[in-house]
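The structure appears right after this line, and notes come after that.
The values are calculated or read from the model by the stated rules, or taken from the named source; none is laboratory data. Everything numeric here is computed off the predicted structure, so don't read it as measured data. Here Cβ is always computed from backbone atoms with ideal geometry, including for glycine, and neighbour counts include all displayed protein chains. The area values use the complete protein model at the heavy-atom level, side chains included, leaving out ligands, DNA and RNA. Shrake-Rupley method; radii C 1.70, N 1.55, O 1.52, S 1.80 Å.
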Amino acid sequence: MTLTHKPFVFARHAQSTFNANYLIGGFTDSPLSEKGVQQAQQAAPILSVIEWSAVITSTLQRTQQTASYAVPNQVIHPYEQLKERNWGDLEGCPIEQQLAYEITPPNGESWHNFEARVISTLNTILSEHDWPLIIAHSGVYRVLNNVINGTPYCPRIGNVTPISFVPSQGENGWTITPFKGKIL
């Protein structure tokens, strides 16, 4: 699987109520916690100064709420296929019960299917927009890491920590850096 070579900025949603309680969220539609609302508001000085070609989220409220606070003057475009991985019977369980990514959770979504739907959707988005802001989930970030670096195992991306993905000629074909509030 390959990712369309066009630049974008990715940010994980702000803290949800499930995150705050160390629970597996996945498909569960948990809203932002009070801290999450503050995190999203604190991201506004960096994210809202850009007129993005599009602000993309999943259909889960934690991503849409993050976008509404972080980029309040832009239209949000939710995509069902950018939802977090479906952890099946593990939804709502303590985070310590999360399985390795290669293992399909009972009644859940396989890593292969999750990665395929995310990359297909990202490629559609990138074919339609220049420099979109994509606010989604840590699992989506792990898919990006897997496609670009060959492994889903990487440090968990911080809440509302925007990252620039810019095509390059380097070894993995991408320059990935913290987003500082301006488009290159």
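Which entry in (i) 41, 36, 35; (ii) 42, 38, 25; (iii) 58, 33, 29 matches Cα extents along the principal axes in Å derived from the coordinates of this structure?
The value matching this structure is (ii).
Which residues among the stretch 58-77 fall inside the zone where the amide N is under 12 Å from a point 7 Å beyond the Cα of Gln41, along Cα→Cβ?
69-70
Round to the nearest 0.05 the FRET efficiency obtained for Ser110 and Glu51 when R0 = 41 Å and r is the Cβ-Cβ distance.
Efficiency for this residue pair is about 0.60.
Among DSSP bridges having both ends in the chain, what percentage is antiparallel? Round to the nearest 5.
Of the beta bridges lying entirely in the chain, close to 45 percent run antiparallel.
Provide the gained length on full extension for the span Glu128 to Thr177, in nm with one decimal, where the gain is 0.36 nm per separating residue minus the Cα-Cα distance.
Computed gain between Glu128 and Thr177 is 15.3 nm.
Can you list the HN-Hα couplings for the stretch 105-120, worked out from phi with the Karplus curve (6.51, -1.76, 1.60; θ = phi - 60°), rounded to whole Hz and with x for Gly and Pro?
Residue by residue, the stretch 105-120 yields x, x, 6, x, 9, 6, 4, 4, 5, 4, 4, 4, 5, 5, 5, 4 Hz.
Ignoring ligands, DNA and RNA, what accessible area per residue does the stretch 45-184 give at 1.4 Å, in Å²?
Result: 46 Å² per residue.
Which FRET efficiency, nearest 0.05, do Met1 and Gln169 yield, Cβ-Cβ r, R0 25 Å?
Efficiency for this residue pair is about 0.75.
Report, by chain and number, residues whose modeled amide H sits under 5 Å from the one on Thr175, excluding near sequence neighbours (fewer than 5 apart, same chain).
Result for Thr175 returns Val166, Ser168.
If I model a spin label as a point 7 Å beyond the Cα along the Cα-Cβ vector, how far apart are those points for Gln81 and Ser120 in nm?
Once both label points are built, they end up 0.5 nm from each other.
May I ask you to derive the relative contact order of the stretch 54-163, considering only C-alpha pairs under 8 Å and at least 6 residues apart, and to give it as an integer percent?
For the stretch 54-163, the relative contact order is 29 percent.
For the chain, which whole-number percentage of the solvent-accessible area (1.4 Å probe, protein heavy atoms only) is attributable to carbon and sulfur atoms?
The value for the chain is 51 percent carbon and sulfur by accessible area.
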